[in-house]
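K.L.:
Supplied in structure tokens, the structure appears directly below.
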Amino acid sequence: MKRMTRGWVEVDLDALRANYETVRDRAEPRVGLLPMVKADGYGLGAERVVRALDPLGPWGYGVAAAAEGAELRRLGIDRPVLVFSPMAPAEFGIAAQAGLTACLSELDALDRWAAEASEDRPLDFHVEVDTGMGRAGFDWREAAEWGAAIEARVAGSSVRWTGVFTHFQGADAAMREPTTTQWSRFQHALEHLPDAADGRLVHAANSAAALRWPEFAVDLVRPGIYLYGGHPALDARDEMPAPRPVAAVRARISLIKDVPEGHTVGYGATYTADRPERWATVTIGYGDGLPLALGNRGSALVRGYRVPIIGRVSMDMTVVDLTDAPSAEVGDAVTVVGRDGGEEITVEQVAAHANTISYEVLTGLTARLPRIAVDGPAVGGRTDDG
Ligand SMILES: *Cc1c(COP(=O)(O)O)cnc(C)c1O
């Protein structure tokens with residue numbers, strides 16, 4: 001508990017596993033799970049996440065960069081690892097070396113991948129179909145053409161075409177229509193692929209789609225944010241169980257001061273006490289990933305009380321008004337994401353205050369905050385390791 005001195009992230013592995021099981025139970029038993037562990041497991045620590053999920057038997061893992069996949073291999077993971085983002089040229093060699101599965105969006109990339117393969121080192125790839133996301137994938141309208149071209153190139157080579165997938169741009173939205181349209185386009189593409197494409201793994205669903213459209217699962221689902229406790233579709237929250245919160249972000253009170261009316265706080269003096277107030281300086285700032293935008297907008301939990309963040313968030317410090325939590329003391333834990341007593345600040349609330357999304361809040365937590373695995377509910381407010 002020594003590392004809970006200044007600021008830290010608690011990662012509730014029980015909750016992570018429970019969220020995985022919720023996704024799994026939503027799908028038919030034959031559907032495989034492909035947890036997305038890109039960006040260091042959405043900021044919570046890919047190693048810890050993979051070690052917690054691996055005993056549950058996922059089909060494989062998804063990453064965004066060849067180096068992230070190579071890191072999983074160093075941890076001893078030998079399940080399939082898919083690199084979902086189109087790779088920069090220098091990544092192909094790294095991916096091949098680690099025996100990863102490339103996701104391809106164009107024929108030139110197929111040539112680069114094939115150049116890394118040999119009889120001694122056969123390499124797999126999945127093909128992405130662009131049905132409206134636009135950032136990657138072969139065009140859904142031209143499946144007959146590129147399907148035939150891929151078939152021709154892989155014939156007799158050491159690369160194997162083992163999967164086809166698409167990615168939804170709006171599975172989180174209240175309206176279902178953009179996703180059902182993308183699904184139809186994907187079906188159109190699948191129907192126009194050469195016959196030999198039968199038997200390849202087909203997948204489409206991110207967290208939101210896996211929970212809202214179990215019928216779109218086909219062979220694999222690719223949950224990310226839901227595993228990490230982020231709600232994947234707040235505008236469709238009646239269509240799925242809420243995830244269990246996984247991350248809690250906490251820091252310490254390092255200074256308490258009583259200030260007179262008229263005293264100001266922070267860069268730009270954007271907050272002025274309009275009465276005598278009790279303020280606490282907290283050991284976390286934007287250099288830890290606490291969004292600057294929470295200044296004068298966000299709140300924190302101290303001893304189960306919700307207290308406002310006042311003034312601008314600094315790089316290393318944030319000030320809260322303790323007037324409504326007068327029993328607080330130097331050394332108390334301060335929660336900026338998570339539960340304390342009966343109060344909770346969700347990652348979505350922080351994201352809303354900061355005009356962003358839960359994904360950015362989690363992946364924005366910096367290396368300065370040690371990640372600490374806990375099993376079960378968070379450690380709570382008065383924790384003090386001395
Ligand atoms: C990140 C990602 C996912 C997971 O999305 P969530 O919304 O976090 O569930 C799934 N598929 C692909 C291709 C991705 O890049």
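The values are calculated or read from the model by the stated rules, or taken from the named source; none is laboratory data. Note that this is a predicted model, so its numbers are computed, not measured. Glycine gets a Cβ as well: all are built from the backbone with ideal geometry, and neighbour counts include every protein chain shown.
K.L.:
Restricting attention to region 207-228, report how many residues are buried (at least 23 other Cβ atoms within 10 Å of the Cβ) and near the ligand (Cβ under 9 Å from one of its atoms).
P.N.:
Here the count works out to 11.
K.L.:
Could you go through region 236-249 and let me know if any residue there is under 30 Å from E21 (Cβ atoms), aliphatic (A, V, I, L, M), free of Cβ contacts under 8 Å to residues at least 12 places away in the same chain and in a loop (DSSP other than H, G, I, E, B).
P.N.:
There is at least one residue in region 236-249 that is under 30 Å from E21 (Cβ atoms), aliphatic (A, V, I, L, M), free of Cβ contacts under 8 Å to residues at least 12 places away in the same chain and in a loop (DSSP other than H, G, I, E, B).
K.L.:
Another question, if that's okay. Do the conditions hold for A300, that is, is it small (G, A, S), at pLDDT 95 or above and assigned to a strand (DSSP E or B)? Break it down into steps so the answer makes sense when it comes.
P.N.:
Details: small (G, A, S): yes; at pLDDT 95 or above: yes; assigned to a strand (DSSP E or B): yes.
For A300, the condition - small (G, A, S), at pLDDT 95 or above and assigned to a strand (DSSP E or B) - is met.
K.L.:
Condition test on D108, is it in a helix (DSSP H, G or I), more than 13 Å from the ligand (Cβ to nearest atom) and within 23 Å of D12 (Cβ to Cβ)?
P.N.:
no
K.L.:
Let me ask you something else. Name the single residue that is surrounded by the most Cβ atoms within 10 Å (Cβ to Cβ) among those in region 46-84 being more than 16 Å from the ligand (Cβ to nearest atom) and assigned to a loop (DSSP other than H, G, I, E, B).
P.N.:
The qualifying residue surrounded by the most Cβ atoms within 10 Å (Cβ to Cβ) is I77.
K.L.:
Using the structure shown, decide if A143 is more than 22 Å from the chain's Cα centre (by Cα) and either within 11 Å of the ligand (Cβ to nearest atom) or at pLDDT below 95 (or both). Quick ask: steps written out before the conclusion?
P.N.:
Values: more than 22 Å from the chain's Cα centre (by Cα): yes; either within 11 Å of the ligand (Cβ to nearest atom) or at pLDDT below 95 (or both): no.
No; evaluated as a whole, the condition is false for this residue.
K.L.:
Moving on. For region 111-118, does any single residue satisfy the condition of being farther than 30 Å from A171 by Cα, surrounded by fewer than 21 Cβ atoms within 10 Å (Cβ to Cβ) and in contact with an Asp or Glu (Cβ under 7 Å, 6 or more places away or on another chain)?
P.N.:
Within region 111-118 (the criterion being farther than 30 Å from A171 by Cα, surrounded by fewer than 21 Cβ atoms within 10 Å (Cβ to Cβ) and in contact with an Asp or Glu (Cβ under 7 Å, 6 or more places away or on another chain)), the answer is no, since none of the residues qualifies.
K.L.:
List the helices (runs of 4 or more DSSP H) that sit entirely inside region 130-215 and contain at least 2 residues that are free of Cβ contacts under 8 Å to residues at least 40 places away in the same chain. Give the derivation first.
P.N.:
On the way: elements: 143-154, 177-191, 207-212.
Output list reads 143-154, 177-191.
K.L.:
Restricting attention to region 23-45, and to residues there that are among the hydrophobic types (A, V, I, L, M, F, W, C) and within 17 Å of the chain's Cα centre (by Cα), which single residue is surrounded by the most Cβ atoms within 10 Å (Cβ to Cβ)?
P.N.:
Pass one, region 23-45, residues among the hydrophobic types (A, V, I, L, M, F, W, C): 23, 27, 31, 33-34, 36-37, 39, 44.
So of that shortlist, the ones also within 17 Å of the chain's Cα centre (by Cα) come out as 23, 33-34, 36-37, 39, 44.
Values: V23: 24, L33: 23, L34: 26, M36: 23, V37: 29, A39: 18, L44: 26.
Of everything passing the filter in region 23-45, V37 is surrounded by the most Cβ atoms within 10 Å (Cβ to Cβ).
K.L.:
Ok, one more. What are the residues in region 150-182 that are in contact with a helix residue (DSSP H, G or I) (Cβ under 6 Å, 6 or more places away or on another chain), within 16 Å of the ligand (Cβ to nearest atom) and farther than 22 Å from D238 by Cα, if any?
P.N.:
T166
K.L.:
Would region 148-163 turn up any residue that is of a type in the set (D, E), more than 24 Å from Y61 (Cβ to Cβ) and in contact with a Pro (Cβ under 6 Å, 6 or more places away or on another chain)? Even if it seems obvious, please write down each step before you answer.
P.N.:
Looking only at region 148-163, we keep the residues that are of a type in the set (D, E), and these are 151.
Then drop every residue that is not more than 24 Å from Y61 (Cβ to Cβ), which leaves 151.
Still in the running and in contact with a Pro (Cβ under 6 Å, 6 or more places away or on another chain): 151.
Checked region 148-163: at least one residue is of a type in the set (D, E), more than 24 Å from Y61 (Cβ to Cβ) and in contact with a Pro (Cβ under 6 Å, 6 or more places away or on another chain).
K.L.:
For G69, indicate whether it is of a type outside the set (D, E), in contact (Cβ under 8 Å) with a residue 12 or more places away in the chain and within 21 Å of A210 (Cβ to Cβ).
P.N.:
Working: of a type outside the set (D, E): yes; in contact (Cβ under 8 Å) with a residue 12 or more places away in the chain: yes; within 21 Å of A210 (Cβ to Cβ): no.
Judged against the criteria, G69 is not a match.
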